[in-house]
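The values are calculated or read from the model by the stated rules, or taken from the named source; none is laboratory data. All values reported here derive from a predicted model rather than from experimental measurement. Neighbour counts are summed over all protein chains in view; Cβ atoms, including those assigned to glycine, are modelled from backbone coordinates with ideal geometry.
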Amino acid sequence: MTKVNVDPVARSWRKQRHMNILVKAVFGGILSMSLLACSTTPSVPVPTVTSVDLPRFMGDWYVVATIPTWIEQEALNPLEQYALNADGSVATTFSYRRNIGDKMRSMRMTGFVKGDGSNAIWAMQPFWPVRAEYLVVFLDETYEYTIVGRTKRDYLWVMARQPNIDAGKLGELVEVAVDMGYDRSKIKFPEHP
């Protein structure tokens, strides 16, 4: 019987390939279970506005109050910028600073407006294949102030066309969010120095 020598490089390559497949399978399973768990959590729907004029809604919106995502924790000068794409999707850029004097960081996403006719229900895609619920739940007639939220009330964005707004107006907007079921104790007020 002849003993076959296995090339150590080939053995190492096969072992690495099997490890990559295992890691991808485990990560994919965890991601799938997380998304499934998120989508089946029962919640009372948050009412959206009846209509959003998308071209008017486009442009700069400064985040003046928020229940932040992990990326937005401690963000300075948070700004959402929306631009309508030719296909009807919304090019979204979230910009912020970590410290005064730092350069602006940015994150690009795509918003997909749902076809219910109101233009108030979006799916925001930070990366493929994830699409998160993004609801326009308040919008004033002048398109100067808006509130974007989610049914789970886990994240919230109170936004204005100007970075610093009157404290009384900010208080009114926060009250609107609290009346919709958002936890006042979780709302943060980013600085716009």
> Counting only residues that are exposed (fewer than 14 other Cβ atoms within 10 Å of the Cβ), touching a residue at least 12 places away in the same chain (Cβ under 8 Å) and more than 16 Å from Pro78 (Cα to Cα), how many does the stretch 153-172 have?
Replying inline: 0
>> So, Ala91, is that one surrounded by fewer than 15 Cβ atoms within 10 Å (Cβ to Cβ), part of a loop (DSSP other than H, G, I, E, B), without any contact (Cβ under 8 Å) to a residue 24 or more places away in the chain and not hydroxyl-bearing (Ser, Thr, Tyr) or not?
In response: no
> Only one of (1) free of Cβ contacts under 8 Å to residues at least 40 places away in the same chain; (2) over 18 Å from the mean Cα position of the chain (by Cα) is not met by Val52, so which one is it?
Replying inline: (1)
> What do you reckon, is Ala65 touching a helix residue (DSSP H, G or I) at 6+ places or on another chain (Cβ under 9 Å), of a type outside the set (D, E, K, R) and either in a loop (DSSP other than H, G, I, E, B) or surrounded by 20 or more Cβ atoms within 10 Å (Cβ to Cβ) (or both)?
Replying inline: yes
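The rows are residues; the columns are (1) touching a Leu at 6+ places or on another chain (Cβ under 7 Å); (2) in a strand (DSSP E or B).
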| position | (1), (2) |
| --- | --- |
| Pro126 | no, yes |
| Tyr134 | no, yes |
| Tyr143 | no, no |
| Gly171 | no, no |
| Val174 | no, no |
| Gly181 | no, no |
| Pro193 | yes, no |
> Right, Gly101: modelled with pLDDT under 95, farther than 24 Å from Glu191 by Cα and over 13 Å from the mean Cα position of the chain (by Cα) or not?
Replying inline: no
> Quick one: in the stretch 173-193, which of the residues that are without any contact (Cβ under 8 Å) to a residue 40 or more places away in the chain, within 24 Å of Val52 (Cβ to Cβ) and out of contact with any helix residue (DSSP H, G or I) (no Cβ under 6 Å at 6 or more places or on another chain) is surrounded by the fewest Cβ atoms within 10 Å (Cβ to Cβ)?
Replying inline: Asp179
>> With the requirement that a residue be part of a strand (DSSP E or B) and among the charged types (D, E, K, R), what does the stretch 104-119 give you?
In response: Arg105, Arg108
> Going through the stretch 145-166 one residue at a time, which ones are farther than 22 Å from Asp183 by Cα and either assigned to a strand (DSSP E or B) or of a type in the set (S, T, N, Q) (or both)?
Replying inline: Gln162, Asn164
> What number goes with the only condition from (1) assigned to a loop (DSSP other than H, G, I, E, B); (2) surrounded by 10 or more Cβ atoms within 10 Å (Cβ to Cβ); (3) modelled with pLDDT under 90; (4) hydroxyl-bearing (Ser, Thr, Tyr) that Thr2 does not pass?
Replying inline: (2)
